[in-house]
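One structure below.
Values quoted throughout were computed directly from the atomic coordinates according to the rules given, and no laboratory measurement underlies them. The structure presented is a predicted model; accordingly, all values stated were derived computationally and were not measured. Quick reminder, even Gly has a Cβ in these numbers, built from the backbone with ideal geometry, and neighbours come from all protein chains shown.
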Number of protein chains: 2
Amino acid sequence: MLAETWLKALQEHGYRLTDARRAVVEIVALAWRALTPLEVFDQARAKYPELGLVTVYRTLEKLEELHLIQRVHQPEGCQAFITASQGHQHLLLCQNCGQVMFFEGDDLDTLLASIAAKTGYAIREHWLQLFGLCRNCQ
Amino acid sequence: MLAETWLKALQEHGYRLTDARRAVVEIVALAWRALTPLEVFDQARAKYPELGLVTVYRTLEKLEELHLIQRVHQPEGCQAFITASQGHQHLLLCQNCGQVMFFEGDDLDTLLASIAAKTGYAIREHWLQLFGLCRNCQ
DNA sequence: CTCTATAATGAAAACGATTTTCAGTAAAGA
DNA sequence: TCTTTACTGAAAATCGTTTTCATTATAGAG
């Protein structure tokens, strides 16, 4: 299970395993859409009612630092997090239900080379994100 | 001049022309990199010292509403604004000095069709943004 | 299994960015 | 010139996030 992997990773980096952390990790690892810290808090409190919002922030910070989760930029805001993509993948978001999918295989080399030539920029990174409707929401 | 065009557009949409608004518009229209509300405030106060930060927020809101400026998402934050792209253009940002350039001619149709087929999504929008070093910063 | 150092906790306070409220001011059309 | 009302800046309120701090509990040592 993904949650187990994340907890192990936290431990291996010298972080302790606590009930609060476990509750947060389990919610985020299972999420099929990006969750804000407040949403994580609300959902994780069902498992662990003593949980504080501050701990959610602190745990998300560590998960992001270990590249286990990543922040998702959306028109409505940029506070939500989702499981990090592995390797060179990009996001595809459902505009209705928020479902997050990853895809790979973007071949932008030709485009990037042409832009570099036109602008004189040395291009070092790119963000590509798609929005649409998932099968269920069409 | 771009500032004139924006002021005219504001007027045509029923908004009044004031000194505070003129000061904000002139700063943002001339910017070569994305500016946060606070940066706009600081720069515009040189022209119009009575200016309030609240008015900067309110003016930016109207300029965005009229699609004259757009918010720029960056790893460091998503509060800054830049002149809006015209038509189907994307952003290219210098990671060192922040210079913003627009480019067009992204041919993603093949990619989008393949992702749509693979995922079942009806893709309706895409965000593409490039980061690198401009000629001067390399 | 117990002890101990210290990482982690939650509550409250502080913080930065943004929005709202409000009474006074000024743009623009009559 | 007058009048309506959009616009203003200051202050207060709000929202998301971070810091502070005293207490708790994990994890490694003994």
Once phi is turned into ³J(HN,Hα) by the Karplus curve 6.51 cos²θ - 1.76 cosθ + 1.60 with θ = phi - 60°, what whole-Hz value does each residue of region A:32-37 show in order, with x for glycine and proline? 9, 9, 5, 10, 7, x
Do the sum for the protein assembly as shown: with -39,500 (n - 2.57) for every DSSP H run of n ≥ 4, divided by all residues, what is the mean residue ellipticity at 222 nm, to the nearest 500 deg cm²/dmol? -13000 deg cm²/dmol
If each part is reduced to its alpha-carbon centroid, region A:2-27 and region A:53-78 end up apart, in Å, by 14 Å
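Quick one: dipole size for region B:2-83, taken about the Cα centre, charges +1 on Lys/Arg Cβ and -1 on Asp/Glu Cβ, in debye to the nearest 20. Could you put the intermediate results ahead of the total?
Values: 10 positive and 11 negative charges, 24 e Å.
That gives a dipole near 120 debye.
Once you keep just the Cα pairs under 8 angstrom separated by 6 or more residues, what percentage relative contact order results for region A:2-83? If you can, show how the numbers build up before the last one.
Details: 96 pairs, mean separation 25.4, N = 82.
RCO, region A:2-83: 31 percent.
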Considering the dipole of region A:55-131 built from charges on the beta carbon (Lys and Arg +1, Asp and Glu -1) around the Cα centre, which of A:His73, A:Gly98, A:Tyr57 is farthest to its positive end? A:Tyr57
Would you please state the base-10 log of I(q)/I(0) at q = 0.13, 0.16, 0.23 1/Å for region B:3-87, with intensities from the Debye formula using one equal scatterer on every alpha carbon? -0.36, -0.55, -1.13
Region A:112-117 - phi-based ³J(HN,Hα) in whole Hz, Karplus 6.51/-1.76/1.60, Gly and Pro as x: 4, 5, 5, 5, 4, 5
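Label region B:26-66 by shape, choosing from rounded, prolate and oblate, from the square roots a ≥ b ≥ c of the eigenvalues of the Cα gyration tensor; if a/c is under 1.5 it is rounded, and otherwise prolate applies when a/b is larger than b/c, oblate when it is not.
On the way: a/c = 1.80, a/b = 1.15, b/c = 1.56.
It comes out oblate by the Cα gyration axes.
Give the average, rounded to an integer, of partner chain Cβ atoms located within 10 angstrom of each Cβ in A:108-118. Can you show the working numbers first?
On the way: counts 6, 0, 1, 9, 3, 0, 4, 9, 4, 0, 4.
Across A:108-118, the average partner-chain Cβ count within 10 Å equals 4.
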For A:Arg16, inter-copy label-point distances (7 Å, Cα→Cβ), nm, shortest first, read 6.1
Which whole-number percent is the relative contact order of chain B (Cα, under 8 Å, 6+ apart)? 19 percent
Cα-based shape type of the protein assembly as shown, given that a ≥ b ≥ c are square roots of the gyration tensor eigenvalues and the cut on a/c is 1.5: prolate
Copies of A:Ala117 compared via label points 7 Å along Cα→Cβ give distances in nm, shortest first, of 2.8
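Any chance you could list the semi-axes, whole Å, largest first, of the equivalent ellipsoid that the Cα gyration tensor gives for region A:55-120, using √(5λ)?
They are 28, 16, 13 Å, listed largest first.
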Could you list which residues have their amide H under 5 Å from that of B:Thr36, counting only those 5 or more apart in sequence or on another chain, with H placed in the peptide plane? B:Phe81
Karplus (6.51, -1.76, 1.60) ³J(HN,Hα), θ = phi - 60°, over region B:25-30, in Hz, Gly and Pro reported as x: 4, 5, 5, 5, 5, 8
